[in-house]
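Participant: So that we are looking at the same thing, I have put the structure below in structure tokens.
Taken together, the values in this text are just the output of simple stated rules run on the coordinates, not laboratory data. Please read all numbers here as calculations on a predicted model, not as lab measurements. Here the Cβ is made from the backbone with ideal geometry for all residues, glycine too, and neighbour counts use every protein chain on show.
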């Protein structure tokens, strides 16, 4: 459900997004958010080393640093996303848009 809401958010809010598949394959903010969702589930289940490994790799590849302990709602869009840092205690609600270089 959250993935669909995130896809819709990017398609509706980002004029550069020409299709859902384009977002799914090419938008690093979307991809980083989905990787975080996986890492967060692992973190919540006590699989801390694996969650941190995913977070570290995402940070290297996309230049987006989202701690696996952070809570992110549905319908979130990270536009451009480069330089975004979200800490462990952060809570991002539903239907939020975040631009690049935000900490």
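Participant: Do you know the relative contact order of segment 1-101, to the nearest whole percent, from alpha carbon pairs under 8 angstrom that are 6+ apart?
Facilitator: It comes to 27 percent, rounded to a whole number.
Participant: For helix 28-44, report the angle its Cα long axis makes with the longest principal axis of the Cα atoms of the chain; keep it between 0 and 90° and round to the nearest 10°.
Facilitator: The helix 28-44 is inclined about 30 degrees to the chain.
Participant: Related question: For the pair residue 90/residue 41, report the inter-label distance in nm, with labels modelled 7 Å from Cα in the Cβ direction.
Facilitator: Spacing of the two 7 Å Cα→Cβ label points: 2.2 nm.
Participant: To the nearest 10 degrees, how steeply does helix 48-62 sit against the main Cα axis of the chain, on a 0 to 90 scale?
Facilitator: 40
Participant: What is the distance, in nm, between label points placed 7 Å from the Cα along the Cα-to-Cβ direction at residue 97 and at residue 61?
Facilitator: Taking the two extended label points, one gets 2.6 nm.
Participant: Please check: in the Gaussian network model of the chain (C-alpha springs, under 10 Å), which one of 38, 61, 86 has the largest mean-square fluctuation.
Facilitator: 61
Participant: In addition: Could you work out which residue, out of 72, 54, 91, moves most in a Gaussian network model of the chain, that is, has the largest mean-square fluctuation with Cα springs under 10 Å?
Facilitator: 91
Participant: Give the shape of segment 62-103 as rounded, prolate or oblate, defined through the alpha-carbon gyration tensor: a ≥ b ≥ c are the square roots of its eigenvalues, a/c under 1.5 means rounded, and otherwise the shape is prolate if a/b is larger than b/c and oblate if not.
Facilitator: Oblate.
Participant: On to the next question. Expected output is a single nm value to one decimal: the length gained when fully extending between residue 82 and residue 4, i.e. 0.36 nm times separation in residues minus the C-alpha distance. What is it?
Facilitator: 25.8 nm
Participant: Another question about this same structure. By how many degrees, 0 to 90 and rounded to 10, does the Cα axis of helix 2-13 deviate from the longest principal axis of the chain?
Facilitator: In the chain, helix 2-13 runs at an angle near 40 degrees to the longest axis.
Participant: In the Gaussian network model of the chain, springs joining C-alpha atoms below 10 Å, which of 48, 18, 58 carries the largest mean-square fluctuation?
Facilitator: 18
Participant: Continuing with the same structure: Translational D (Stokes-Einstein, µm²/s) of the chain at 20 °C and 1.002 mPa s when Rh comes from the Kirkwood sum over C-alpha pairs?
Facilitator: 161
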